[in-house]
Each structure stands twice: as C-alpha cells, then as structure tokens.
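First up is the structure itself, then whatever we jot down about it.
Each reported figure results from applying straightforward, stated rules to the coordinates on display, with no laboratory input. All values derive from a computational prediction rather than experimental measurement. Ideal geometry is used to build each Cβ from the backbone, glycine not excepted, and the neighbour counts take in all protein chains shown.
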C-alpha cells in the first residue's frame with residue numbers, strides 16, 4: 001500500500017493555517033475523541049503503545065518520558081513545547097507551525113491533558129517571525145472555539161497557553177537551557193539529574209516535547225496507536241516522519257515518508273537527485289549538522305533511529321543535507337565548527353575553549369598554514385570535548401569533527417601537506 | 001528614576017509581570033517591547049527593566065549579551081541578516097555576502113552612515129530549503145542570488 005502523507009495532509013490547501021480549513025478536514029476530532037474516550041492515564045498508555053519517539057533529536061519514547069512525572073500532584077505541572085528549531089539543516093517544525101499550526105495545537109492540548117498540565121508554554125525561536133504570528137492567531141482561534149481555556153469541550157479540563165519567543169541562541173533548543181531561558185535567564189543547560197519531569201520549569205514537574213512529536217499525538221488520538229504502530233519499521237521505529245533535505249540537491253524541501261525510508265529514495269525521488277548532474281554525491285549528513293557524516297558509499301541506509309545508529313550516525317532532527325564532489329570537506333567542517341563555536345553557551349570549558357581551538361586549526365588548514373600534526377590535533381580535541389560537558393552540545397561538535405576527519409582523512413592530510421585548499425573555489429558554486 | 005519608555009510600553013511590561021507564574025520570565029518579552037520602541041536596548045533601558053522585574057542591571061545585561069537578537073546599539077532601518085551556515089554556504093551564501101558588502105559599501109556587522117542599512121552574517125535561520133536565505137527586519141527572502149538581491153534592495157530605496 002502506498003504511503004499516504006498525513007502530517008502534511010493540509011499544508012497545500014489555501015488557508016491551511018486557519019481553524020476553519022483545519023476543521024473542515026476533520027481537525028479537532030482527535031481532541032474530541034481523546035477527551036471523551038481516554039482518561040489521562042489511558043492516553044499516556046495509548047501514546048506508549050504507538051511507539052512514538054521524540055522527533056526533536058534524541059528519539060526518546062514520548063510516552064515513557066511522560067511516565068517519569070511524579071505520581072503526586074502537589075505542584076503544578078507544565079508542558080513546554082520546543083519550537084526552538086535551530087539545528088542546521090532542519091526546517092520541518094517551521095513548516096508545521098506556519099502551515100498547519102492547529103495540528104500542532106491540537107496535539108499540545110491532548111498532551112497537556114494526558115500529563116494533567118494546566119499551563120503550556122510554546123517556546124518558539126525568535127527568528128521565526130511569521131511562525132510566531134501564525135501561531136498566535138491559531139491560539140486565539142482555538143480559545144474562541146473553546147478548545148483552550150476553561151472546561152474544554154465540557155471535559156472539566158482547563159488549559160492556557162503562553163507563547164514565548166526565544167531571542168537567538170541555538171543552545172535554547174536543549175531542553176534545560178530552554179527552561180532557563182523561559183525563566184528569563186541566560187540559556188545555560190542544567191545538570192541532569194534531576195530531570196525536568198521531576199524538577200523543571202520554576203522547580204515544578206515539566207515535560208518538554210518537540211513540535212512534530214506533538215503533531216503526531218494528534219494523529220494517535222485521531223486514528224489510534226495500532227494504526228500509528230503499523231507505519232514505518234515496527235516495533236521501534238513507528239509512524240510518519242518529516243525529513244528535510246538541502247544542500248546540493250535539485251529540489252530541497254521537507255518530505256514526509258514513513259520512518260525507515262531509504263536515504264537514496266529521499267535523495268533521488270523526493271528531492272530530485274543531485275543539483276549538478278556532473279557532480280556526484282560525495283557525502284551526506286542525514287540528521288542535522290551535529291550528526292556524523294556518511295561518505296557516498298555508505299549512504300545506502302534506512303532513515304530511522306535504529307538503522308542510522310547501526311550505520312554509525314543518528315537520525316537526529318532529520319535535517320539532512322548533501323554535498324557533491326565539488327565540496328571541500330575541510331571548508332565544510334570549518335563552517336560547521338564556526339557555527340558551534342559561535343553557539344557554545346560558554347558554561348563548560350571543554351566546549352567553550354575546544355570549539356574555538358577547532359575553528360582556529362581548521363581555518364589555518366584551509367588557508368594553507370596548517371601544521372603537520374593538525375589532523376590528529378582535531379581528532380584529539382573532539383575526543384576531549386565529548387562526554388565532558390553538561391549537555392549534549394559537546395557531542396554536537398565532537399561528532400562532526402571526529403567523523404569528517406576519520407572519513408576524509410586523506411583530504412585533511414592533503415591540506416596540511418600541500419598548504420592549500422584545492423576544493424575551495426568549487427564549493428561555493 | 002525617570003521612565004525611559006512610552007506609557008503604553010510601561011503598561012505592557014506591567015501586564016507581563018503578572019502573566020507568568022514567576023515574574024523573572026517577563027525579562028525576554030520586556031526586552032523585546034523596549035527594543036520594538038527604541039530600536040535597541042540601552043543601558044538606561046536595562047536599568048529600567050531591572051527595576052521593574054526586581055533583578056540587578058548586571059543580571060539584565062548578562063541576559064541581553066547572551067542572545068543575538070537584542071541590539072545594544074542602533075541598527076539600520078533595514079537590518080539585513082545573511083545566513084552563513086553550511087546548507088546556505090553550499091548554495092553560495094559567501095558570494096551573496098560579498099555582493100551585499102560591495103553594494104552597500106559596508107562590512108559585516110556595520111551600519112551605513114545614513115542609518116538606512118546594516119549588514120550581519122548570522123547562523124542558521126532554519127530555512128535551508130530556500131538557501132541562500134536572508135532576513136530583512138521581519139521579512140524573509142530565499143533563495144537569493146545577486147540579481148534577486150539587487151531587486152530587493154531597489155524595493156527598499
């Protein structure tokens with residue numbers, strides 16, 4: 001049976017962002033069904049049974065995360081929506097927020113009901129001006145229809161939502177940095193444990209979920225866990241997924257496919273293949289710039305959490321991008337390292353100092369001023385950052401450095417030896 | 001202390017203070033309100049916001065300096081941000097930036113003397129399918145090549 005796009009079923013309809021168009025296509029039926037047929041605990045069980053794993057990057061089972069909340073209810077609980085989409089190569093949540101905000105909002109209401117939270121925060125990256133306006137309007141429409149506020153659809157469940165704009169900091173997509181930012185502070189990640197489910201926003205139990213994850217909750221409430229679990233590669237990689245593909249492809253974009261779609265199908269069929277017919281694929285990063293790179297010969301992989309882990313990389317935020325034969329890998333890694341050096345929050349010394357050193361070394365290699373030991377130095381620094389920081393940002397820079405250097409070692413050595421960058425001119429085309 | 005903002009901005013900040021379970025959360029939205037009115041966040045504005053929220057001016061300054069979207073100095077009426085991160089760079093953002101520098105006669109991070117344009121290279125704006133991608137104030141454009149850029153600039157004259 002051909003796969004029927006469902007997360008993106010509305011996005012091409014005129015006025016897809018309005019509640020009228022959303023409801024005309026059956027929108028908010030999942031909410032009606034969820035509030036009527038499920039107790040909060042049953043809804044958590046349903047999400048567990050669906051196999052839904054977080055779409056933000058780590059792929060942690062959503063229902064299990066919800067299950068970590070304390071059983072006592074002496075403190076308020078909060079749901080924080082992570083709409084701080086900032087991983088280079090990733091622009092899928094932007095699509096949902098701008099084109100189908102009610103699909104997301106319905107999932108937020110259902111999830112808040114499941115975890116019994118009366119106040120949800122929608123933390124959206126500051127640069128998403130259009131998305132923020134669209135989502136604000138969607139929230140107003142939902143209040144007007146009684147889907148937000150007091151006694152939603154006569155269920156006795158109350159929910160308010162506050163939209164909170166980030167202000168330009170990649171790190172705030174890390175869940176505990178997001179909480180700090182929401183509290184009006186610098187976005188410094190917190191040490192875990194305690195995990196946010198126990199001590200989160202304002203010291204209260206908090207669940208942080210990604211936008212696409214919550215959109216999937218809408219679908220699960222609407223069609224059931226069994227339906228969801230039949231899509232993709234059950235039992236551990238279930239459901240529809242949004243895949244981004246950019247870089248040297250003919251048609252960059254967001255493509256919906258079941259988890260486990262072959263990468264080469266995404267590249268050649270969904271994205272139309274390579275941009276320049278005379279320049280074949282050199283390498284791909286399947287999951288966003290912090291994930292490990294795959295050389296062309298190893299790109300015959302399935303796009304799901306476990307298949308990519310087995311291939312030595314990760315699905316991450318599914319922000320894939322590809323580079324063709326004209327790309328200088330040293331130049332590309334220099335760009336990636338510069339990003340992470342710029343975005344390091346500065347809290348942990350290995351990451352703050354290490355990212356700066358990496359940029360300096362890569363810059364001199366690219367300039368033609370490299371030293372003979374530079375290639376080993378890069379790998380050594382990456383190894384000393386990994387595992388030695390409060391948050392996974394350390395891995396986010398260590399992994400690309402380790403993998404680019406390992407896979408394309410000859411090219412790095414060549415830069416150090418020849419004192420020049422042969423690929424630079426081609427890369428910018 | 002005199003209030004350095006318009007009464008309506010002051011009023012909106014008061015509303016923010018009671019909106020959140022803890023008033024500290026009002027800081028980022030309050031900074032946005034002030035920046036919206038003034039175009040940037042001055043020392044005076046930071047002292048004012050600090051006293052409203054009940055934190056020190058140094059704390060506010062620490063927050064402002066953490067986030068790239070708060071401007072400590074005025075930027076141009078048209079603030080042009082060019083994404084430079086890898087997916088945009090693979091699509092020629094370097095060339096676009098060089099083109100803009102030449103057209104505007106300013107360097108990365110500068111504001112033109114007449115105050116009309118400022119130029120900044122920024123990290124990933126989350127629109128890699130429209131690379132190379134730029135933002136001018138709150139408007140988005142992409143993909144942008146030299147010709148398209150000239151058309152956009154012409155529209156701003």
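Separation of the stretch B:1-76 and the stretch A:236-265, taken as the distance between their Cα centroids, equals 41 angstrom. So, in Å, what gap is there between the alpha-carbon centers of the stretch A:3-77 and the stretch A:152-211? Taking the Cα centre of the stretch A:152-211 as reference, the centre of the stretch A:3-77 is 18 Å away. When peptides A:269-278, B:123-132, A:128-137, A:253-262 are sorted by average Cβ neighbour count within 10 Å, with the highest value leading, the order is B:123-132, A:253-262, A:128-137, A:269-278.
Restricting the calculation to Cα atoms, the protein assembly as shown shows an Rg/Rh of 0.96 when the hydrodynamic-style radius is the Kirkwood one.
With neighbours defined as other Cβ atoms within 10 Å of a residue's Cβ, the residues A:371, A:415 order from fewest to most as A:371, A:415. Under the criterion of Cα pairs below 8 Å and six or more residues apart, the relative contact order for chain B equals 18 percent.
Determine the shielding of peptide A:243-250 by partner chains: average, over its residues, the number of Cβ atoms on other chains within 10 angstrom of each Cβ.
Values: counts 0, 4, 3, 10, 8, 3, 2, 0.
What the average comes to for A:243-250 is 4.
With the convex hull drawn around the C-alpha atoms of the stretch B:7-66, the volume per residue stands at 73 Å³. Spatially, the stretch A:273-350 and the stretch A:89-136 are offset by 27 Å when compared through their Cα centroids.
Give the average, rounded to an integer, of partner chain Cβ atoms located within 10 angstrom of each Cβ in B:21-32. Intermediate results must be reported in sequence, preceding the final value.
Details: counts 8, 6, 1, 5, 10, 1, 5, 10, 6, 1, 2, 3.
For this peptide, the per-residue mean of nearby foreign Cβ atoms is 5.
Cα convex hull, the stretch A:19-230: 115 Å³ per residue, rounded to a whole number. Taking the DSSP beta bridges with both ends in chain B, the antiparallel portion is around 55 percent.
If the viscosity is 1.567 mPa s and the temperature 4 °C, what Stokes-Einstein diffusion coefficient in µm²/s follows for the stretch B:78-156 when Rh is the Kirkwood radius over Cα pairs?
Numbers: Rh = 12.2 Å.
This corresponds to a translational diffusion coefficient of 106 µm²/s.
Contact order for chain A, expressed relative to its length and based on alpha carbon pairs under 8 Å spaced 6+ residues apart, stands at 16 percent. Neighbour counting of Cβ atoms within 10 Å sorts the residues B:10, A:410, fewest neighbours leading, into A:410, B:10.
With a/c under 1.5 counting as rounded, go ahead and sort the stretch B:47-123 into rounded, prolate or oblate using the C-alpha gyration tensor (a ≥ b ≥ c being the square roots of the eigenvalues; past the cut-off, prolate if a/b is larger than b/c, else oblate). Before the final figure, lay out each step's value.
Numbers: a/c = 4.42, a/b = 1.90, b/c = 2.33.
It comes out oblate by the Cα gyration axes.
Of the residues A:168, A:394, A:184, the one that moves most in a GNM of chain A with alpha-carbon contacts below 10 Å is A:184. Could you work out which residue, out of A:102, A:342, A:248, moves most in a Gaussian network model of chain A, that is, has the largest mean-square fluctuation with Cα springs under 10 Å? Taking springs between Cα atoms under 10 Å, the residue moving most is A:342. Compared with the dominant principal axis of the Cα atoms in chain A, helix A:393-407 is inclined by about 40°.
The mean count of C-beta atoms from other chains within 10 Å of the C-beta of residues in A:312-324, rounded to a whole number, is 1.
Sort the following peptides by mean Cβ neighbour count (other Cβ atoms within 10 Å, averaged over residues), highest first: A:84-91, A:219-226. Provide the component values of the computation, followed by the final result.
On the way: A:84-91: 28.1, A:219-226: 20.8.
The peptides rank, most packed first, as A:84-91, A:219-226.
For the options B:93, B:121, B:18, a Gaussian network treatment of chain B with springs between C-alpha atoms closer than 10 Å singles out B:18 as fluctuating the most.
In what sequence, highest mean first, do B:20-32, B:104-116, A:317-329 appear when ranked by Cβ atoms within 10 angstrom? Don't skip to the answer; put the middle values down first.
On the way: B:20-32: 20.5, B:104-116: 13.0, A:317-329: 25.2.
Sorting B:20-32, B:104-116, A:317-329 by mean packing, highest first, produces A:317-329, B:20-32, B:104-116.
The Cα atoms of the stretch A:292-408 give a gyration tensor whose axes a ≥ b ≥ c have a/c of 1.5 or more with a/b no greater than b/c, which makes the shape oblate.
Relative contact order of the stretch B:34-99, taken over Cα pairs closer than 8 Å and 6 or more residues apart, is 29 percent. Per-residue ellipticity at 222 nm computed for chain A from its helices equals -12500 deg cm²/dmol, with DSSP H segments shorter than 4 residues left out and the rest contributing -39,500 (n - 2.57).
Only helices enter this figure: runs of n ≥ 4 DSSP H residues, each worth -39500 (n - 2.57), summed and divided by the residues of chain B, yield -14000 deg cm²/dmol at 222 nm to the nearest 500.
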